[in-house]
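What follows is a set of notes on a single structure, which appears directly below.
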Amino acid sequence: MPYASVNGVRLYYETTGEGFPLVLVHEFAGDSRSWEPQVRFFARRFRVVTYNARGYPPSDVPEDPAAYSQDAAVEDLLGVMRHLELAQAHLCGLSMGAYAVLHVGLRHPEMARSLVVAGCGYGSDDPERFRRDAEELARRIDREGMAAVGPAYARGPTRLPFMRKDPRGWQEFADALARHSGPGSAGTMRGVQARRPSVYSLADALQRLTVPTLIVNGDEDEPCLAPGLFLKRHIRSAGLLVLPATGHTINLEEPEAFNRAVLEFVTLADAGRWPLREPRPAGASALLPGLAHG
């Protein structure tokens, strides 16, 4: 199996296809296999890279709780890219993976040709409540294991649209989640999920970001709607796509729509045709160009 070593942690990765690199970064409830519909589609045009985050076998599962953090997740993404000698890539992440992609764009914009930030923002509206819930979930995983906790997590309210529309696909997702490492999932929930910053705390940095960015949300993914709009308003290079009747597991729930939108976006980014939005003057009229509200 191919591994990249990042600060002493081995990360399993796969590469498929040839061309400019596209790196896909998975969510908490997924792993590299969660991107299969995207790998099959994009490998016709790109060199597609997927990897398992730390805590997700066959990647290493560190025992030290301090090994899990938002900073570590960012370093893991950068480490995989450096191991593969990728000077730059299109970066696409879902949820936990979207946070890592976004932070790479903020900290190392030279390494990102474009950013797809999907389902990003969980916990931003009430960080203290989210932290308490994440800590409790980690304790349950410690006590009961993922075989017990995974099926309940897979039935969360933002996953139900997936279950209703594609019962077979949802069952595959839920079965895979139930096989995740308990210690790795608990460590990730405590160290990454519970302690990552709210997107609202990133306002100043977001306003400086000029890497082409596509924000993707499902309209049934309520915890991500306001954060997604916040990202759109603060990133001058951002566009916002909201898929109807869609929950959190966007790339698996609506793979055709997701793939088509991402392909169009990265094509425009490659061509230098993804625009920077002009800042709107304070008090500008929505109807009369150049005039302030009366």
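The values are calculated or read from the model by the stated rules, or taken from the named source; none is laboratory data. Keep in mind the model is a prediction, meaning the values are calculated, not measured. Ideal geometry is used to build each Cβ from the backbone, glycine not excepted, and the neighbour counts take in all protein chains shown.
The table below gives the values:
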quantity	calculated
Among (1) out of contact with any Asp or Glu (no Cβ under 6 Å at 6 or more places or on another chain); (2) over 19 Å from CYS120 (Cα atoms), the one test that ALA186 misses	(1)
Residues located in the range 214-229, provided they are buried (at least 22 other Cβ atoms within 10 Å of the Cβ), small (Gly, Ala, Ser) and in a helix (DSSP H, G or I)	GLY228
Residue in the range 27-50 that is among the charged types (D, E, K, R), farther than 22 Å from SER198 by Cα, within 14 Å of the chain's Cα centre (by Cα) and surrounded by 20 or more Cβ atoms within 10 Å (Cβ to Cβ) present	yes
Test: ARG236 is in contact with a Lys or Arg (Cβ under 7 Å, 6 or more places away or on another chain), assigned to a loop (DSSP other than H, G, I, E, B), within 20 Å of LEU115 (Cβ to Cβ) and at pLDDT 95 or above	yes
Candidates GLU172, GLU220, filtered to the one that is modelled with pLDDT of 95 or more, of a type in the set (D, E, K, R), more than 24 Å from TYR68 (Cα to Cα) and in contact with a Gly (Cβ under 6 Å, 6 or more places away or on another chain)	GLU220
Residues (within 19 Å of TYR12 (Cβ to Cβ) and within 14 Å of the chain's Cα centre (by Cα)) located in the range 77-100	LEU77, LEU91, CYS92, GLY93, LEU94, MET96, GLY97, ALA100
Residues satisfying the stated conditions in the range 156-167, i.e. out of contact with any Gly (no Cβ under 6 Å at 6 or more places or on another chain) and either over 15 Å from PHE28 (Cβ atoms) or modelled with pLDDT under 95 (or both)	PRO157, LEU160, MET163, ARG164, LYS165, ASP166, PRO167
Residues of the range 233-262 classified as farther than 22 Å from ALA29 by Cβ and touching a helix residue (DSSP H, G or I) at 6+ places or on another chain (Cβ under 6 Å), total	4
Conditions (1) under 25 Å from ALA43 (Cα atoms); (2) surrounded by fewer than 24 Cβ atoms within 10 Å (Cβ to Cβ); (3) polar (S, T, N, Q): number failed by SER95	(2)
Members of the range 78-120 that are of a type in the set (Lys, Arg) and within 18 Å of ALA53 (Cα to Cα)	ARG82
CYS92, sole failed condition from (1) touching a Ser or Thr at 6+ places or on another chain (Cβ under 7 Å); (2) farther than 15 Å from THR188 by Cα	(1)
